[in-house]
Amino acid sequence: MSSKGELTEAELVAALKQGKREAFQQLVGAYHNTMLVVARAIIGEAFADEVVQDAWETIISAIHGFEGRSSLRSWLITIVSNRAKTRLKREKRFESLDEDWQDPDERNFNDRGWLTRDPADWNLDTPEAILASEQLRDVILHCLEQLPEKQRAVLTLVDIEGLDFEQICHILDISSSNVRVLLHRARLSLRHAISGYQQSAN
């Protein structure tokens, strides 16, 4: 058991196989939001909650077959992504992401989608003050809400959920180059929003 009183992954799996309610509550608390992000990335907002609910039902019935060949998190993500893809086929909502796109600012990013240099108009003299600004947080949140669903999903999966490109490629059935394109677009939008805020604040 961890110092926070939570079960380790091995203990959690064992408790889940024993049908302990507390273990399931810990599992839901730890991974429900991640599963929602994955579902939304594949099927969209309208069906994401239903897909995740279906995934939890599958997880409950399939946990006895979990052998630990992958991490519990990876196993859960695989289940919810498979459920979402099945629902997507049923809804016939295929969307191709194999698009040709040239980012004029692509030279500013490395292979992981991070800026290689700071924008010229980005004031970094007082980063603590910038990060503490409620106005800037509102700007960032608004920008995230306005991002196209796929861009927001990739940004969230990479920067918040910490998934690697290979996992995201598998989840969304897209190439690594398309992951980079979507990530570039999302980060550029955030960059421009923050730069605009900086300019208006000066």
Per residue of the stretch 77-84, what does 6.51 cos²θ - 1.76 cosθ + 1.60 with θ = phi - 60° give for ³J(HN,Hα)? Whole Hz please, x for Gly and Pro, Karplus curve as stated.
5, 4, 5, 5, 5, 5, 5, 5
Compute the length gained on full extension between Gln53 and Gln146: take 0.36 nm times their separation in residues and subtract their Cα-Cα distance, giving the result in nm to one decimal.
30.9 nm
Can you give me the distance in nm between label points at Glu45 and His64, each placed 7 Å from the Cα along the Cα-to-Cβ direction?
4.0 nm
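With the Cα gyration tensor of the stretch 140-195 in hand, convert its eigenvalues to equivalent ellipsoid semi-axes via √(5λ) and list them largest first in whole Å.
Values: eigenvalues 80, 22, 17 Å².
Ellipsoid half-lengths, sorted descending, are 20, 10, 9 Å.
Stretch Ser200-Gln25 to full length: gain in nm at 0.36 nm per residue minus the Cα-Cα span? Present the calculation step by step, with values, prior to reporting the outcome.
Numbers: separation 175, 0.36 × 175 = 63.00 nm, distance 4.56 nm.
Contour length minus Cα-Cα distance gives 58.4 nm.
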Could you derive backbone 3J(HN,Hα) for the stretch 186-192 from the dihedral phi with the Karplus parameters 6.51, -1.76 and 1.60 (θ = phi - 60°), listing whole Hz in sequence and x where the residue is Gly or Pro?
5, 5, 5, 4, 5, 4, 5
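Given a Förster distance of 30 angstrom, what is the FRET efficiency for Cys169 paired with Asp138, based on the Cβ-Cβ distance and rounded to 0.05?
Working: r = 33 Å, r/R0 = 1.10.
With R0 = 30 Å, the Cβ-Cβ based efficiency is 0.35.
Rule-based calculations on the coordinates, nothing more; no lab input. All values derive from a computational prediction rather than experimental measurement. Every residue, glycine among them, receives a Cβ derived from its backbone with ideal geometry; neighbour counts consider all protein chains shown.
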